[in-house]
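K.L.:
So that we are looking at the same thing, I have put the structure below in structure tokens.
The values are calculated or read from the model by the stated rules, or taken from the named source; none is laboratory data. Not measured: the values here are computed from a predicted model. As a convention, Cβ positions derive from the backbone with ideal geometry for all residues, glycine included, and neighbour counts pool all protein chains shown.
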Amino acid sequence: MSAISLFPKWANWLCLAICLVACKKEEEVPPIVAKNSADILMNGKPWNDTKINTRTNIYDYCGYLDTSVLKEQYKNFFSIYFLRYHVGKNEERNYFEGMSFGAIPLKIGTYLLNGNLTSACRPDTIPAGSLHSNEYDVMTNYYVVLQSEKNYFRVNKVDKQTGLVEGEFMATFIRKDSAKGSTYPDTMRIQPSRFSAFIGAQE
């Protein structure tokens, strides 16, 4: 007599049902989605008091160029973008401020923001930062890092397997260009602020 025949038929059906339910539940588990976050202080107040969208990339400043076409020396740097927006009708996003840091080495360390962000389709290897305001597609103010004041971008953690990058930054931005009638101040100060983001994740 086989071992299976020692069990009543209903027990065999019960085991089969449990296995099917377990498999179904396993299939229904949603995948883990990498989430970006930031805690930013500007002029002593939370900058991200409205919903914030944070993006990180190991791309050049063009933002969407495939890294496979970049020269090898540029693949060990990343850019990070912080964007503020209002949510309007039909859930559309109305962006009104953005902050960018580029040419940050993809390794633990503290880096001075000595460069200028450019629109060239390759990353500059001098860490840099900028800040801007806009109304829809029109930029109304553009700020660069004020070199005479303390500024830094610090990478505290890098996990190349998961793409996680964590760190903090501090910078003072001075206005370089503005639209006529702008009410923005000449200087914008970012106090020590933190971020946690995944390379390639755009939310």
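K.L.:
Between residues in the range 148-159 that are under 12 Å from Ala197 (Cβ atoms) and residues that are outside any strand (DSSP E or B) and at pLDDT below 95, which pairs lie under 8 Å by C-beta distance while being six or more apart or on different chains?
P.N.:
So the pair list comes out as Val155/Leu106; Val155/Lys107; Val158/Leu106; Val158/Lys107.
K.L.:
Residue by residue through the range 167-203, note down the ones that are hydrophobic (A, V, I, L, M, F, W, C) and either under 17 Å from Val155 (Cα atoms) or not in a loop (DSSP other than H, G, I, E, B) (or both).
P.N.:
Those that are hydrophobic (A, V, I, L, M, F, W, C) and either under 17 Å from Val155 (Cα atoms) or not in a loop (DSSP other than H, G, I, E, B) (or both): Phe169, Met170, Ala171, Phe173, Ile174, Met188, Ile190, Phe195, Ala197, Phe198, Ile199.
K.L.:
Moving to a separate point now. Checking Ile126 against (1) within 16 Å of Ala38 (Cα to Cα); (2) at pLDDT below 90: exactly one of these is not met. Which one?
P.N.:
(1)
K.L.:
Let me ask something else. Which of the residues that make up the range 177-203 are surrounded by fewer than 16 Cβ atoms within 10 Å (Cβ to Cβ) and under 14 Å from the mean Cα position of the chain (by Cα)?
P.N.:
Those that are surrounded by fewer than 16 Cβ atoms within 10 Å (Cβ to Cβ) and under 14 Å from the mean Cα position of the chain (by Cα): Arg194, Gly200, Gln202, Glu203.
K.L.:
Take the conditions out of contact with any Asp or Glu (no Cβ under 6 Å at 6 or more places or on another chain), outside any loop (DSSP other than H, G, I, E, B) and either at pLDDT 95 or above or not aromatic (Phe, Trp, Tyr) (or both) and apply them to Glu149. Does it pass? Lay out the reasoning, then the answer.
P.N.:
Working: out of contact with any Asp or Glu (no Cβ under 6 Å at 6 or more places or on another chain): yes; outside any loop (DSSP other than H, G, I, E, B): no; either at pLDDT 95 or above or not aromatic (Phe, Trp, Tyr) (or both): yes.
Judged against the criteria, Glu149 is not a match.
Every residue, every condition in (1) more than 19 Å from Gly200 (Cα to Cα); (2) buried (at least 16 other Cβ atoms within 10 Å of the Cβ), yes or no:
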site: Asp137; (1), (2): yes, no
site: Thr162; (1), (2): no, no
site: Ala171; (1), (2): yes, yes
site: Arg175; (1), (2): yes, yes
